[in-house]
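Heads up: the structure comes next, in structure tokens.
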Amino acid sequence: MPALVLLGAQWGDEGKGKATDLLGGSVDYVVRYQGGNNAGHTVVVGDQKYALHLLPSGILSPGCTPVIGNGVVVDPAVLLSELSGLAERGVDTSKLLISGNAHLITPYHTTLDKVSERFLGKRKIGTTGRGIGPAYADKINRVGIRVQDLFDESILRQKVEAALDSKNQVLAKLYNRRAIAVDQVVEELLGYADQLSGYVADTTLVLNDAIDQGQVVLFEGGQGTLLDVDHGTYPFVTSSNPTAGGACTGTGVGPTKISRVIGILKAYTTRVGAGPFPTELLDEDGEKLRTIGGERGVTTGRDRRCGWFDAVIARYATRVNGLTDFFLTKLDVLTGWERIPVCVAYEIDGKRVEELPYSQTDFHHATPIYETLPGWSEDITQAKTFDDLPKNAQKYVQALEEMSGAPISAIGVGPGRDETIQINSFL
Ligand code: GDP
Ligand code: IMO
Ligand code: MG
């Protein structure tokens, strides 16, 4: 069982950090393959709480080597501050490996992200403002700066010049902002080179060798399936591929090496930022989910939009990721509701639709068709086995499993590592 992918099955914030951390003790490498510091993964270890943005959650497991793959966009200032923050708390960060082919988020990407969102006004995406979209745009446009460029001043300067040539025109003429000086950017980036050089490696080679030697590699997704630029609710998505295929392109490990794909699935649904969300609750149930679930963004502090579980989305996640398992999180948050609605299909222009519509128009018109399941009132945070759960909680899980298309192999009943019911082993 050498390589596994762990990814978000909904719109992010499903509890990927906790799930990765739980596995961290049994795997040799934990690898981020896409996204950047738009992610916010909370990991609770004993009485300690960690908020990770760019580093893989495996960094908290001493035996595990954390890797930032080529598909990630790296803001070096954020990376260094995250590393020093962890080091101050006694976490050993020395094993980190960073792909030299990962792209950098520079100050002009962050500026462009913020001004372009402002410019969009009502049509904004609601990005995290971390420069993610502009950095990926430059990568695809072949004017990006890579980690390895930090170590060749001449190449770095030429690339920054080329990138800023047009961007300064846009900043000044379109957005009415001051132009950004090439020297200033080059100087700032060169300032990171010495601090990062020890971490940079040919991570594709390292990971393939590790898999060939039978070591266990876990690919940790950021964001979620419906935020995928190809398979998500475009254009209200992030600019990378959190879906399972992204683990291959974002690390240089072939699909034949991946044996298991675990979808992290919240027992209800949340979303941050703009875009359609059929089961969104704008009433007191939504407020209750937000309060009990602590649904506030780790990265931006924004309130998360909350709604009931959507089985259409879960089925879609199974399909586009080839999921082998689900890890159902935050079941404990649903304790106390007398009845719990679950969306089993959509109604679109008077018709019942079982699968996620591929057209944006249809998705905007989708209204949920609910089935209502009986709730439970008993505290479940101490449950260690499936049998410890009250009957109605068991039925809720079984119903979700039947609707979602893959076995639920673990259930989260609290934020801590131990607050997990393991049904099937992941390894
Ligand atoms: P990620 O981005 O997918 O890693 O998820 P976040 O960390 O942004 O959000 C998930 C939140 O739920 C975090 O605060 C976790 O500590 C918390 N969490 C994860 N699993 C559970 C669970 O089973 N029960 C409860 N109550 N909280 C959980
Ligand atoms: P984790 O890894 C939830 C959302 C933003 C916005 C859209 C595009 O913690 O699950 P971007 O800054 O990526 O260009 O923003 O994607 N978004 C997330 N929502 N969890 C995340 O990460 C997210 N990362 C980006 O809110 O709607
Ligand atoms: Mg998060």
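The values are calculated or read from the model by the stated rules, or taken from the named source; none is laboratory data. Keep in mind that this is a model prediction, so the values were computed, not measured. When we count neighbours, we look across all protein chains shown, and the Cβ atoms used for this are built from the backbone with ideal geometry, even at glycine. Please note that ligands, DNA and RNA were not included when accessible areas were found on the heavy atoms of the full protein model with its side chains. Shrake-Rupley method; radii C 1.70, N 1.55, O 1.52, S 1.80 Å.
General observations
- Applying 0.36 nm per residue to the separation of Arg296 and Asp349 and subtracting their alpha-carbon distance, the gain on full extension is 15.7 nm.
- Chain lengthening between Arg319 and Ser94 when straightened (0.36 nm per residue, less Cα-Cα): 77.2 nm
- Relative to the current alpha-carbon distance between Lys257 and Tyr358, full extension at 0.36 nm per residue lengthens the span by 33.4 nm.
- Label-point gap, in nm, between Asp209 and Thr381 - each point 7 angstrom along Cα→Cβ: 4.6 nm
- Kirkwood hydrodynamic radius of region 103-197, Cα pairs, Å: 13.7 Å
- Geometric extent, Cα atoms of region 1-154 - Rg, Dmax (angstrom): 16.1, 48
- Using the Cβ-Cβ distance between Lys173 and Val143 with R0 set to 30 Å, the FRET efficiency works out to roughly 0.95.
- On the beta carbon distance between Gln48 and Thr249, with R0 = 51 Å, the FRET formula returns roughly 0.90.
- Computed accessible area, Ser94, all protein chains, 1.4 angstrom probe, square angstrom: 80 Å²
- Evaluated at q = 0.08, 0.10, 0.11 Å⁻¹, the base-10 log of the normalised Debye intensity for the chain, with identical point scatterers placed on the Cα atoms, takes the values -0.43, -0.68, -0.82.
- The phi torsions of region 364-377, fed into the Karplus equation with coefficients 6.51, -1.76 and 1.60 and a -60° offset, translate into couplings of 5, 8, 6, 10, x, 9, 9, 10, 10, 9, x, x, 9, 10 Hz, rounded to whole numbers, with Gly and Pro shown as x.
- Of the solvent-accessible surface of region 103-197, computed with a 1.4 Å probe over protein heavy atoms with every protein chain present, carbon and sulfur atoms account for 49 percent.
- Percent carbon-and-sulfur accessible area, region 290-427, ignoring ligands, DNA and RNA, probe 1.4 Å: 49 percent
- Taken over region 184-283, the ratio of Cα radius of gyration to 2.2 N^0.38 Å equals 1.44.
- Carbon + sulfur, % of accessible area of region 1-78 - ligands and nucleic acids excluded, 1.4 Å: 50 percent
- Looking at region 129-236, the trypsin sites (Lys or Arg not before Pro) that sit in a DSSP loop and have at most 10 other Cβ atoms within 10 Å of their own Cβ are Arg142, Arg178.
- Normalising the average separation of contacting C-alpha pairs (under 8 angstrom, six or more residues apart) by the number of residues puts the relative contact order of region 34-128 at 25 percent.
- Heavy-atom surface of the chain, accessible at 1.4 Å and reported per residue (Å²): 41 Å²
- Structural descriptor for the chain: relative contact order 19 percent, calculated from alpha carbon pairs under 8 angstrom and at least 6 residues apart.
- Restricting the calculation to Cα atoms, region 261-324 yields a radius of gyration followed by a Dmax of 12.6, 36 Å.
- In the chain, taking the dipole from charged Cβ atoms about the Cα centre, the farthest positive-side position among Leu22, Leu334, Thr233 is held by Thr233.
- Under the Karplus curve 6.51 cos²θ - 1.76 cosθ + 1.60, θ = phi - 60°, whole-Hz ³J(HN,Hα) for region 158-172, x wherever Gly or Pro sits: 4, 6, 5, 4, 4, 5, 7, 3, 7, 5, 5, 5, 5, 4, 6
- Measuring gaps between exposed loop sites in the chain (GluC sites (Glu not before Pro); DSSP loop; at most 15 other Cβ atoms within 10 Å), the longest gap, sites not included, is 1-337.
- In degrees, nearest ten, helix 107-120 long axis to first principal axis of the chain (Cα): 60 degrees
- Centroid-to-centroid separation of region 36-89 and region 221-283 [C-alpha atoms, Å]: 20 Å
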